[in-house]
Amino acid sequence: MNAAPRPQMGRWSRILRACVRQVHTTGRQAPEGHGEKIWVFSHRRSDQIVYSFENKLDGFHALKQLPFNGKKTKPAKIRKDYWSPMAMIRFPKGRGDVGRSVYQKLRELKHLHEVAWTDEFRYKRPEEFTVADKKKIAEEKANGKEYRPVRSKVERGIALNAQRTNSIADMAAVLSGSGSGNKVRALSTNKNAETELVPVSISWANDHDRDYAEAWSNNVTHGLFEQLAHGSGNEAEPAA
């Protein structure tokens, strides 16, 4: 007697994927308040950056945001005593959708900085010059030649990790409504661009950090926050 033909594995695989998509796309709603605050954590030594919706670092999710830029450039685990909040971005109550949009764009821009660098990045900046570099520059200049010290593989990895200043510039750009699909730019018929932007406030650990951005749009207000005395080095709340 002939056995009934077995369904092809590919067919069941397609059905399973369709069911999973259905579960994830129907009835899915973000918890109340989710996305209304974005915490920006900075590493005390390397200037690496991690974005979070919580005021405490989650080791698993934080490590996923840190790329491998060479040997010993990515830690095996998150040491919370090395990380502290650099800034906290706050959106109006009920506008977590804007915060989630900004969070996504900030992470995408950070990734671009880490992988899409130009040939200019190979060369050291003046503040990175060693005594030997300065001596070599002077010697070549005396011979009528130009010499530009090149970063080693280790130095390139360190420079790629240092995303603090880039992060601040990205914040200014995204919060000004730049970029396709940016929800900071609210739907409005008003022709005045500034009035179309969702109001945002940023609390800084160091108020001078905001100066790394060339300019801030008028919808952004700035303030300071203070470390909680009982925190573990990775918690903070806005100052009263």
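Can you list the lysines whose alpha carbon sits under 22 Å from that of residue 71, skipping same-chain ones fewer than 8 residues off? Hits, sequence-local ones excluded: 80, 110, 124, 153.
Taking Lys and Arg as +1 and Asp and Glu as -1, the other residues whose beta-carbon sits under 11 Å from that of residue 178 total +1.
Approximating the spin labels as points 7 Å out from Cα along Cα→Cβ, the residue 63-to-residue 224 distance works out to 3.6 nm.
Computed on region 107-168, with alpha-carbon pairs under 8 angstrom and 6+ residues apart, the relative contact order is 47 percent.
Extension gain for residue 115 to residue 148 (0.36 nm times residue separation, less C-alpha to C-alpha distance): 9.6 nm. Solvent-accessible area of region 63-146 (1.4 angstrom probe, protein heavy atoms only): carbon and sulfur portion equals 52 percent. Of the trypsin sites (Lys or Arg not before Pro) found in region 91-131, those that fall in a DSSP loop while having at most 13 other beta-carbon atoms within 10 Å are 93.
Once the 1.4 Å probe is applied to the protein heavy atoms, region 47-120 comes out at 56 Å² accessible per residue.
The values are calculated or read from the model by the stated rules, or taken from the named source; none is laboratory data. All figures in this text were calculated on a predicted structure; none of them were measured in a lab. Quick reminder, even Gly has a Cβ in these numbers, built from the backbone with ideal geometry, and neighbours come from all protein chains shown. Note: areas computed on protein heavy atoms with side chains; ligands, DNA, RNA excluded. Shrake-Rupley method; radii C 1.70, N 1.55, O 1.52, S 1.80 Å.
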